[in-house]
Amino acid sequence: MNSNKNQEGKTIVLRGVPASPGIAIGPVFRKETKDLEIRPRTVTDAESEVKRFIQAIEKTKRDVEQTRQSARKKLGEEEARIFDAHLMLLEDIIVIEETTKHILKEKKNADFIILEMMNRIVDSMREQEGGYLNQRVADIQDVSQRIIRNLRKEKRFWFEEIQAPTIVVAPDLTPSEAIHLSPEKVLGFATDLGGRTSHYAILARSLGVPLVVGLGKIWGQVETGDTLIVNGNSGKVILRPTREQLEEYRLKRKRYLQFEESLLNLKDLPARTLDGHQVILSANIELAAEVDIMKKHGAQGIGLFRTEYLYLRENRFPSEEEQYQEYRGVAEAIYPDPVIFRTFDLGGDKMSADLDHHKEMNPFLGYRAIRACLDQPDLFKPQLRAILRASSRRNVKVMFPFISGLEELRAAKGVLEGVKSELLEEGVSIDRELEVGIMVETPSAVVMADLLATEVDFFSIGTNDLTQFTLAVDRGNERVSHLYNALHPAVLSMIKGTVDAGKKAGIWVGMCGEMAGDPLAVLILLGLGLQEFSVSPMVLPEVKKIIRSITHKESRQIAEESLKMHTTDELQGYIEGVMKRKFADLPIWFK
Ligand code: PEP
Ligand code: MG
């Protein structure tokens, strides 16, 4: 065998942005993005085509019934009823008779006939106005898609076709897709687009699945079944590796896993420096299901619970009761450690494909987060009620995202106060002194930090957004990802300003942006006086190891030196030198 080629084709080495650590080796599953076209086809045996159609209707009925049952289990009878409309459609004799008649008369394939017919019904309904009719249109489209998929024996979603553990290769992913990709089936991800702080990247880290993003053009070059190596530590991806490369990476993977294993011994030890300075090391999570992983990695509570994932998971807003159950469950599971619920931070790249009606030129600067919540009290109030109801054991805090000034903070606190009084009047037990904090993730919040600090209980610095706004670099755009670096002197100065403002006002300052879990940044942040590091559970033990290996005094010196650097390169070079000297065995060096 040629050492540069395997049997199937040419070996290709690509470099992207390492977005979730670990090394994956396995077969590719290529995401198909386009729906197959439905063309008319003449059928010789129209009777059997009708039979095929009836079988597809029966199968669709069984599918919908199953979905209804699982919806009832998860969400309750009321929500499950939406599927009754789908079942009624599937039992609609007129629709079935009409379709049958057309198949027999036109001698065309059933999928084409059903599509035409549903389109006709939808068109005639669209001519009439009304929200109810819109809902009917959506129901009809959903059901006809299901029937067609069953006729073609297609699965409901592309990711449901994944059977064996594979590496998913896609142009890009949405957070709601990523949420459905379970670690049992997905060994790793590789995408053309995206950046380290794209939300599916954050999710991949939470799931512990290696990911490289921003590869530019891997998707067009792979076939399902190709062998792929994804090095989430370095950003290197090897398509159709040689035998030597496979051996090399299997070894690297083994060493990496051994290192990870050894870190778990630190689980029950505090995040304390050699000279006794202790900080809080908590976890960022998106779903209640991650509580076990975070506990296993030794987190002291949850520094950021991204509540918007409740919405992204179901593609609809959960009711107050559903939210209450979720929040209370999490608060109970980690008691007495605290959990910080961040109110819905939808918008930006966190929009479900289904609900993303308004295309915006600059969604990250648009209708998102606290802006959308203040504009829609129907969403905001039930969420605040649910959080407050879950706070009775006093280990719950609330945090507002994307605050850009005092007006927004005061408005959000005003809604919270209103909801609090309502609950107290209703006699509901809540934490009357519930701590209220904000994400500091806009440059204006940093500039106003002195004032903001006097009206909140804590700050949590969101470097993912703060970096993109300070440097004017889109966090999800691979074409500028080389410019996106939180280790920029301007970002560092923003962080220092925020920490100092917090200290002056006597409130605690943490960080839940990805920078807090970046091994290169930890010592600088510690030295700047950060009191809480909220990080993805997978990197938590590594961060703890770093903190436990140094004195606070030394970290202060490192921070001081870092603040003297004039460029990102200088800063990066300096801190890499320090880290290489002190921590030769960290996974970041497993390139
Ligand atoms: C941040 O911006 O740093 C942050 C933690 O929030 P998100 O990544 O959810 O925007
Ligand atoms: Mg943010």
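In the set (1) in contact with a helix residue (DSSP H, G or I) (Cβ under 9 Å, 6 or more places away or on another chain); (2) farther than 24 Å from Leu523 by Cβ, the condition left unmet by Asn464 is number (2). Looking across Leu424, Leu483, Leu466, one residue alone is away from ligand 1 (no atom under 13 Å from the Cβ) and at pLDDT 95 or above. It is Leu424.
Taking the condition of being of a type in the set (D, E, K, R) and touching a strand residue (DSSP E or B) at 6+ places or on another chain (Cβ under 8 Å), how many residues in the stretch 280-316 meet it?
Number satisfying all stated conditions: 4.
Of the residues making up the stretch 372-394, those that are modelled with pLDDT of 95 or more and of a type in the set (D, E, K, R) are Lys381, Arg385, Arg389, Arg393, Arg394. Filtered by the rule that a residue be under 19 Å from the mean Cα position of the chain (by Cα) and open to solvent by 10 Å² or more (accessible area, probe 1.4 Å), the stretch 518-535 gives a lone residue, Asp518. Look at (1) among the hydrophobic types (A, V, I, L, M, F, W, C); (2) touching a helix residue (DSSP H, G or I) at 6+ places or on another chain (Cβ under 6 Å); (3) assigned by TED's automatic domain parsing to the domain that holds Val543 and you find that Phe305 fails only one, number (2). Residues in the stretch 370-421 that are within 16 Å of ligand 2 (Cβ to nearest atom) and open to solvent by 10 Å² or more (accessible area, probe 1.4 Å): 4 in all. No other residue among Gly476, Gly502, Gly513, Gly497 is within 13 Å of ligand 1 (Cβ to nearest atom) and either at pLDDT 95 or above or closer than 22 Å to Met448 by Cα (or both) apart from Gly513.
One residue stands out among those in the stretch 149-168 that are under 20 Å from Leu228 (Cα atoms) and in a loop (DSSP other than H, G, I, E, B): the one that is modelled with the lowest pLDDT, which is Gln163. Tallying residues that are buried (at least 21 other Cβ atoms within 10 Å of the Cβ) and more than 12 Å from ligand 1 (Cβ to nearest atom) within the stretch 439-455 yields 4. A Cβ distance below 8 Å, combined with a sequence gap of six or more or placement on separate chains, defines the contacts here; from the stretch 439-457, residues that are of a type in the set (Gly, Ala, Ser) reach residues that are in a helix (DSSP H, G or I) and open to solvent by 10 Å² or more (accessible area, probe 1.4 Å) in the pairs Ala449/Gly497; Ala453/Lys504; Ala453/Ala505. The residues of the stretch 469-497 that are over 16 Å from Gly348 (Cβ atoms), among the small types (Gly, Ala, Ser) and out of contact with any helix residue (DSSP H, G or I) (no Cβ under 7 Å at 6 or more places or on another chain), listed by number, are Ser481, Ser493.
Taking (1) within 15 Å of the chain's Cα centre (by Cα); (2) within 16 Å of ligand 2 (Cβ to nearest atom); (3) at pLDDT below 90 in turn, Tyr367 satisfies each apart from (1).
Residues checked against (1) open to solvent by 70 Å² or more (accessible area, probe 1.4 Å); (2) touching a Gly at 6+ places or on another chain (Cβ under 7 Å); (3) at pLDDT below 95:
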{"site": "Gly214", "(1), (2), (3)": "no, yes, yes"}
{"site": "Lys217", "(1), (2), (3)": "yes, no, yes"}
{"site": "Glu223", "(1), (2), (3)": "yes, no, yes"}
{"site": "Ile229", "(1), (2), (3)": "no, no, no"}
{"site": "Gly232", "(1), (2), (3)": "no, yes, yes"}
{"site": "Ile238", "(1), (2), (3)": "no, no, no"}
{"site": "Glu248", "(1), (2), (3)": "yes, no, yes"}
{"site": "Leu251", "(1), (2), (3)": "yes, no, yes"}
{"site": "Glu260", "(1), (2), (3)": "no, no, yes"}
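Only one entry of Glu326, Glu290, Glu308 meets the criterion of being open to solvent by less than 40 Å² (accessible area, probe 1.4 Å), within 16 Å of ligand 2 (Cβ to nearest atom) and of a type outside the set (Ser, Thr, Tyr), and that entry is Glu308.
Going through (1) open to solvent by less than 100 Å² (accessible area, probe 1.4 Å); (2) of a type outside the set (A, V, I, L, M, F, W, C); (3) under 25 Å from Glu514 (Cβ atoms) one by one, Arg255 falls short only on (1). Checked against (1) of a type outside the set (S, T, N, Q); (2) touching a Lys or Arg at 6+ places or on another chain (Cβ under 9 Å); (3) near ligand 2 (Cβ under 10 Å from one of its atoms), Leu466 passes all but condition (2).
The values are calculated or read from the model by the stated rules, or taken from the named source; none is laboratory data. Keep in mind that this is a model prediction, so the values were computed, not measured. Methodologically, a virtual Cβ is constructed for each residue, glycine included, from the backbone with ideal geometry; neighbour enumeration extends over all protein chains shown. Calculation scope for accessible area: heavy atoms of the full protein, side chains included, ligands and nucleic acids excluded. Shrake-Rupley method; radii C 1.70, N 1.55, O 1.52, S 1.80 Å.
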